[in-house]
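The values are calculated or read from the model by the stated rules, or taken from the named source; none is laboratory data. Remember, predicted model here, so these are calculated numbers, not experimental data. Here the Cβ is made from the backbone with ideal geometry for all residues, glycine too, and neighbour counts use every protein chain on show. Accessible surface areas use protein heavy atoms only, side chains included; no ligands, DNA or RNA. Shrake-Rupley method; radii C 1.70, N 1.55, O 1.52, S 1.80 Å.
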Amino acid sequence: MSRKSFFWRTGVWSLMNLAIIGFIFAAVVYIYLSSNLPSIDSLKNIQLQIPLQIYTSDNKLIGVFGDMRRNPVTLEQIPKPLVQALLATEDQRFFEHSGVDIFGLGRAGLQLLRTGTKAEGGSTITMQVARNFFLSRKKTYMRKINEILLAFKIERYMSKSKILELYLNAVYFGYHAYGVSAAAEVYYGKKLQDLTLGEMATIAGLPQAPSRLNPINDPAAAKERRNHVLSRMLAADFINKAQYEKAIHEPMTATYHGHKIAVNAPYVAEMVREAMVQQFGDDAYTKGYKVYTTIDSNLQVAASQSLHKNLLAYDQRHGFRGNFKSLDLSKLRQASERLKALKQIPTINDLRPALILSIRDRAAVALIQNGEVVTIPWEGLAWTGRRTVKDIVRPGNIVWLDQKNNHWQLVQIPEAEAGFIALNPKNGAIKALVGGFNFYKSSFNRVTQAERQPGSSFKPFIYAAGLEKGYTLATIINDAPIVLEDPSIGEWRPQNYTHEFYGPTRIHIGLMKSRNLVSIRLLDLVGIPYTVKFIERFGFKSEQIPKTLSLALGTASVTPLQLTVAYATFANGGFKIDPYIIEKITDSSDKLIAQSNPPVACDACDAPQKAKRVISAELAYMITMVLKDVIQHGTATPAKVLGRSDIAGKTGTTNDQVDAWFAGFNNNIVATAWLGFDLNKSLHEYSVTTALPMWIDFMRVALAGQPEESMSMPEGIVTMSIDSETGALTSADDPDAVSEIFMKEHLPTEQGDSMGSASSDDDIEQPLF
């Protein structure tokens, strides 16, 4: 054998051995790596991260929570040109390879050899799916190998259409948008089917570099990338020349679009978010839960508008404050600079921040955030009480504007705050809730968190305790001056809000006219321990209730929600209901997860759960009749403007006019309005001009088109004629006679006995005065 032949044969055998060893080594590595690859079974039933969505009872969006903005769609729901645009730029041979594009990998390998650096390239859509769902984004050789192996595995177990659908729903497009549907909403505020070809190409160009090529951050770079996508589509015959020319001349119109909130209810959304996190932890933000609340969209809008309108009106009545923030216009000479500075100021509700540019004799000229220059006429400035425009605003001032009666009006952000709540008295479903003037100015929920003194709006519970113990609406209490020693305040000389005294007064009149001295004497007659125990039936806690005679004037500390629930007991005929705001919860596939089943206020009905009766139907009826008189003849007569006889309620103003309340109801809805300062300053107004108008504006909407429905008289109530002055029984033909209602067990026993059967109750305490 020649020396040359020996070396040749030895070389061949050596190469073959090396090949075998290499093959065995590669097989071992493959087996090892494959055994450590994650299972792709999860991809078949993948749970994409979808944010929490919160809706009204009539399916209108009120809130979304979660870092990822995603709206999964099927492949059939995605326009074909958008799919083609992504294929043209990300993986043109997607339907030809088996998960890995050898040519693409070859190009990436050559780049590595030439430059010595790892670069993007060679990653097919299947490899990107593998990376997005199973691997980190850190660029390493091992990740790339795992990516390739996973891609082969995915292609063996899943169809091309399913892989493509996963990719189109998972890929990141910037601004927290994951998937093509979310991208269309974020950048264009559109549904997928409404996108133009140029917009589709812009979206398709984003996955390579969502920040650098973003049409909001850098329109020029995004435009260049869009045109590249379009040229790839043209080269692949996905579009023709005419479509290409039209698309490349489309203007770049992308702007950020937040979630399309249909109903403004941020306090409600936050309440639901907290409840969901408490129940599901961090999964609440990612599992695609949909929460349907009890909120009625029309009533929620009415509550918001009523609160905003009346709080602004109150603020305006108390004068112009001025004290505007200002910008130095000499340093902001360009209109673009001024607009940029103005856009840093958030809008508050419907009030728009504006920059005063110049002033005239009877007007001011201002720039608003959409770039428009508007004129504020004297009609929009005169309310300030100043004589000239220059006494009101100066160029450079940042002010707030509202559009009223076809002209711009200067407004102030109120310093006072307010809260409003309405619920169904039969089951506790909250129909509307507004926790303050603006959630983003103050997220403190004054409906559920603010414990305030309810003032005279608390008196119905004091009177209800008296009637429960045996006194009647005809009982006479002396409305006369008294001096008391109160442990909390020392010597106390309570007065009526009119600063007058009215002498012997029937309990009916005492509550209807909100007579303080009658309330105090009645509480003393009934006894504080008995009254406190009785009041707890309505849901108030003992620690919220002072154990002194000042309780008669509403010195307890309660939230508007608590007061509303308590009033619901009168409205529903005597039952304690539990308030709730979540009607049902579904998962991302609309499968029912939870359904509310609240106790219902009824004696004889088919409800699965019945609310607990805490007072008799007769007692609820009697208090309701007096509270109707509060509106017809008492302290809330402005509510007569609603033109209804089935509404009842009570005003409440605390000492020094710190808090103003109105709580009112009919059979189907109970609502409470509160207005005050967070820091307990005097409003210098009573509830009749503050909280009551808010309640009226809301109820005008809530009761529109609703037939009157008054509470039926219970069997245990009888009507008798009494003397209007003495409360004694009299004949119906007596010219001083009035009709009064009594419980059968507490009837007056003889003419002239206005105390009725209460006089025989051994537990009744004697007054201290």
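Some points to look at:
- Difference of contour (0.36 nm per residue) and Cα-Cα distance, Lys340 to Arg394: 17.5 nm
- Within the chain: Cβ-based charge dipole about Cα centre, in debye rounded to nearest 20 (Lys, Arg +1; Asp, Glu -1): 5940
- Cβ crowding within 10 Å averaged over residues, with 230-239, 729-738 ranked highest first: 230-239, 729-738
- Surface share of carbon and sulfur [accessible, 1.4 angstrom probe, percent] for the chain: 52
- If R0 is 51 Å, the Cβ-Cβ spacing of Phe324 and Cys602 corresponds to a FRET efficiency of close to 0.35.
- Using just its DSSP H runs of length 4 or more, each adding -39500 (n - 2.57), the chain gives a mean residue ellipticity at 222 nm of -10500 deg cm²/dmol after division by all residues.
- The dipole here belongs to region 257-402: it is taken about the Cα centre, uses +1 on the Cβ of Lys and Arg and -1 on the Cβ of Asp and Glu, and is about 680 debye.
- Distance violations [Cα-Cα > 20 Å] among Lys426/Lys533; Lys404/Lys431; Lys325/Lys441; Lys541/Lys584: Lys426/Lys533; Lys404/Lys431; Lys541/Lys584
- With a simple spin-label model that places each label point 7 Å from the Cα along the Cα-to-Cβ direction, the separation between Asp282 and Ile261 comes to 2.5 nm.
- On the beta carbon distance between Phe152 and Ile413, with R0 = 60 Å, the FRET formula returns roughly 0.45.
- Spatially proximal lysines relative to Lys153 (Cα-Cα < 18 Å; intrachain offsets below 8 disregarded): Lys44, Lys144, Lys162
- Shown are Ile477, Ile261, whose ranking by accessible area with a 1.4 Å probe and every protein chain present, most to least, is Ile261, Ile477.
- Accessible area of Leu473 in the full protein assembly, 1.4 Å probe (Å², nearest 10): 10
- Chymotrypsin sites (Phe, Trp or Tyr not before Pro) lying in DSSP loop within region 416-487, provided at most 13 other Cβ fall within 10 Å: Tyr440
- Å² per residue, accessible surface of region 382-486 at 1.4 Å: 33
- A 1.4 Å probe, protein heavy atoms only, puts the accessible area of Ile593 near 80 Å².
- Between the C-alpha center of region 623-641 and that of region 649-681 there is a gap of 15 Å.
- Once the chain from Thr498 to Ala382 is taken as fully extended at 0.36 nm per residue, the excess over their C-alpha distance is 38.4 nm.
- GluC sites (Glu not before Pro) restricted to region 361-426 and DSSP loop, no more than 15 other C-beta within 10 Å: Glu372, Glu415
- Within region 430-525, the GluC sites (Glu not before Pro) that combine a DSSP coil assignment with at most 14 other C-beta atoms in a 10 angstrom radius are Glu451, Glu500.
- The antiparallel fraction among DSSP beta bridges confined to the chain stands at about 90%.
- The figure for Arg273 is an accessible area of roughly 50 square angstrom, using a 1.4 Å probe on the protein chains alone.
- The order of Tyr686, Tyr621 by accessible area, most exposed first and with a 1.4 Å probe, is Tyr686, Tyr621.
- Against the criterion of solvent-accessible heavy-atom surface with a 1.4 angstrom probe, Asp194, Asp218 sort, most first, into Asp194, Asp218.
- Cβ-Cβ FRET estimate between Asp733 and Ser645, R0 fixed at 25 Å, reported to 0.05: 0.45
- Counted residue by residue at 0.36 nm each, then reduced by the alpha carbon distance between them, the extension gain from Ser557 to Lys331 reaches 76.2 nm.
- Pairs over the 29 Å Cα-Cα cut-off, from the set Lys191/Lys287; Lys190/Lys331; Lys290/Lys340; Lys260/Lys650; Lys547/Lys650: Lys190/Lys331; Lys290/Lys340; Lys260/Lys650.
- Relative contact order (%) - criterion: Cα under 8 Å, at least six apart; region: the chain: 11
- The residues of region 489-619 expose, per residue, 41 Å² of accessible area to a 1.4 Å probe.
- Look at the dipole of region 304-386 built from charges on Cβ: of Leu342, Ser358, Ser330, the Cα furthest out on the positive end belongs to Ser330.
- Model label points for Glu451 and Asp218, set 7 angstrom from Cα along the Cα-to-Cβ axis, are 5.6 nm apart.
- For Lys223, the aspartates and glutamates whose Cα comes closer than 12 Å to its Cα, not counting residues fewer than 8 places off in the same chain, are Glu199, Glu250.
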